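Comments concern the structure below.
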Amino acid sequence: RKALELNPKYVESIIALSGSLVQLGDMDAGMEQIKKALKLEPDNAMVYNAAGALQMTSANSPKHLDEATAKFKKAILLDPKLIPPRMNLASLYVSMKKPEGAVKEYEAVIAIQPENLAAHAELARAYLYAGSLDKATEEAEKTVELSPQNPVSHNILGEMYARKKELDKALREFPHAV
């Protein structure tokens, strides 16, 4: 709030305040702050991303999910190289059981940031949900290549090998996952 006292039109502070209000359980006040930010900067992709994230967390109907999707898409339209709305939209697609949409967004993130470990890991999962076990395994292998010391990467790869019934490979990965 102090930053807003100094500059009430500082959109980043408004977004941060919105997030804090939501964490405190005041979803309506959080949404009011986002609306304020949208009025101040209607072409700011991060504001649309924040609006989508807020609607995603408060989604209790298909309408809210559609609104969140629209906000993320608007953010991407405004700034196609911005990573957070693509990651959020992909996550939303997974929760909506639309893995093909998630795959598209995670692939777009990786095209922008080829070494984005989270995008590779989530792409592996999205491929799995879409029924593409071979592609899921390839992505899981990339996560280990990108971060050989990361236990989560080994766990994901071990899971993929186990699903492919390649138990020897799975058993080699799981000890690195702890």
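In this structure, Glu141 qualifies as surrounded by fewer than 20 Cβ atoms within 10 Å (Cβ to Cβ), in a helix (DSSP H, G or I) and of a type in the set (D, E, K, R).
Residue pairs whose Cβ atoms lie under 8 Å apart, sitting 6 or more positions apart in sequence or on different chains, and linking a residue in the range 25-36 that is among the β-branched types (Val, Ile, Thr) to a partner that is surrounded by 14 or more Cβ atoms within 10 Å (Cβ to Cβ), are Ile34/Ile14; Ile34/Ile15; Ile34/Ser18; Ile34/Val47; Ile34/Ala50; Ile34/Ala51; Ile34/Leu54.
With respect to being open to solvent by less than 20 Å² (accessible area, probe 1.4 Å), of a type in the set (A, V, I, L, M, F, W, C) and either outside any helix (DSSP H, G or I) or modelled with pLDDT under 95 (or both), Leu65 falls outside the description.
Note on the range 6-15: residues that are open to solvent by 60 Å² or more (accessible area, probe 1.4 Å) and either aliphatic (A, V, I, L, M) or assigned to a helix (DSSP H, G or I) (or both) amount to 2. Checking the stated criteria, Ala108 turns out not to satisfy the condition of being surrounded by fewer than 17 Cβ atoms within 10 Å (Cβ to Cβ), under 16 Å from the mean Cα position of the chain (by Cα) and either assigned to a helix (DSSP H, G or I) or of a type in the set (Val, Ile, Thr) (or both). Within the option set Ala45, Ala53, Ala102, being touching an Asp or Glu at 6+ places or on another chain (Cβ under 9 Å), in contact (Cβ under 8 Å) with a residue 24 or more places away in the chain and crowded, with 21+ Cβ neighbours inside 10 Å holds for one residue only, Ala102.
The criterion of being part of a helix (DSSP H, G or I), β-branched (Val, Ile, Thr) and either at pLDDT 95 or above or open to solvent by 20 Å² or more (accessible area, probe 1.4 Å) (or both) does not hold for Ile34. Every condition in (1) assigned to a helix (DSSP H, G or I); (2) surrounded by fewer than 20 Cβ atoms within 10 Å (Cβ to Cβ); (3) of a type outside the set (Val, Ile, Thr); (4) in contact (Cβ under 8 Å) with a residue 12 or more places away in the chain holds for Glu115 except the one numbered (1).
Filtered by the rule that a residue be crowded, with 16+ Cβ neighbours inside 10 Å and in a helix (DSSP H, G or I), the range 90-99 gives Ala90, Ser91, Leu92, Tyr93, Val94, Pro99. Pairs meeting the criteria (first residue in the range 62-80 and free of Cβ contacts under 8 Å to residues at least 24 places away in the same chain and on the phi < 0 side of the Ramachandran plot, second residue in a helix (DSSP H, G or I) and surrounded by 14 or more Cβ atoms within 10 Å (Cβ to Cβ), beta carbons under 6 Å, at least 6 apart or on different chains) are His64/Gln55; Glu67/Gln55; Lys71/Tyr48; Lys71/Ala51; Lys71/Gly52.
The values are calculated or read from the model by the stated rules, or taken from the named source; none is laboratory data. Not measured: the values here are computed from a predicted model. We place every Cβ from the backbone using ideal geometry, glycine too, and count neighbours over all the protein chains shown. SASA here: full protein model, heavy atoms, side chains in, ligands and nucleic acids out. Shrake-Rupley method; radii C 1.70, N 1.55, O 1.52, S 1.80 Å.
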